[in-house]
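All of the numbers you see were taken from the coordinates with simple rules; none came from a lab. Remember, it's a predicted structure, so these values are computed and weren't measured experimentally. All Cβ positions, glycine included, derive from the backbone under ideal geometry; neighbour counts span all protein chains shown.
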């Protein structure tokens, strides 16, 4: 609980002054549905600039007319920059959607057919191609246990054991 409070206080502070480049990746195991639910929170302006560099297209996250294009670009970009191995096997996720909240964008993904989670290996380089000061905080929760790790550029990999 304290960890979550610190995370939100830090994000609140970052929203006031944006000299930091941070994303928060939450990976939650839904045992009832046998899925891994992934949410990625990033600053909207950083995400727009990164997707524009990645896709070579003008991206405006607030423009509802671009929703389909943005979801396609998010799926492609995040799939390349966030790779997961669950129980020693690589997994693919699909985008469920995204939403803006103040200066941040939440992106939602799902991995199906995951009844039991013992290990999660993460290779994450989100926004490393945009900013060399990028920090990615990864939370993984399963079996009622949450573990967290902070990846500072250029560090990309971490593992969680449950």
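Rounded, prolate or oblate: pick one for the range 92-134, where a ≥ b ≥ c are the square roots of the eigenvalues of its C-alpha gyration tensor, a/c under 1.5 means rounded, and failing that, prolate if a/b is larger than b/c, else oblate. Walk me through the numbers on the way to the answer.
Working: a/c = 2.79, a/b = 1.37, b/c = 2.04.
Oblate shape, in that a/c is at least 1.5 and b/c is the bigger or equal ratio.
Mind sorting 125, 132, 23 by how few other Cβ atoms lie within 10 Å of their own Cβ, fewest first?
Values: 125 18, 132 10, 23 24.
Sorted ascending by nearby Cβ count, the order is 132, 125, 23.
If you build a Gaussian network model of the chain, linking Cα atoms that sit under 10 Å apart, which residue out of 31, 76, 64 swings the most?
64
For the chain, set up a GNM with springs between Cα atoms under 10 Å and report which of 136, 28, 113 has the largest fluctuation.
Of 136, 28, 113, the most mobile in the Gaussian network model is 113.
Only bridges whose two residues both fall in the chain count here: according to DSSP, what percent of them are antiparallel, nearest 5?
Values: 44 of 52 bridges.
Approximately 85 percent, going by the DSSP bridge assignments.
Please order 48, 103, 157, 68 by the number of other Cβ within 10 Å, starting at the fewest.
The fewest-first ordering by Cβ neighbours comes to 68, 157, 103, 48.
Taking the Cα centre of each part, how many Å lie between the range 39-59 and the range 62-88?
Comparing the Cα centres of the range 39-59 and the range 62-88, I get a distance of 10 Å.
Once you've got the GNM for the chain with C-alpha springs shorter than 10 Å, pick whichever of 97, 144, 88 has the biggest mean-square fluctuation.
Maximum fluctuation in the GNM of the chain, among the listed residues, is at 144.
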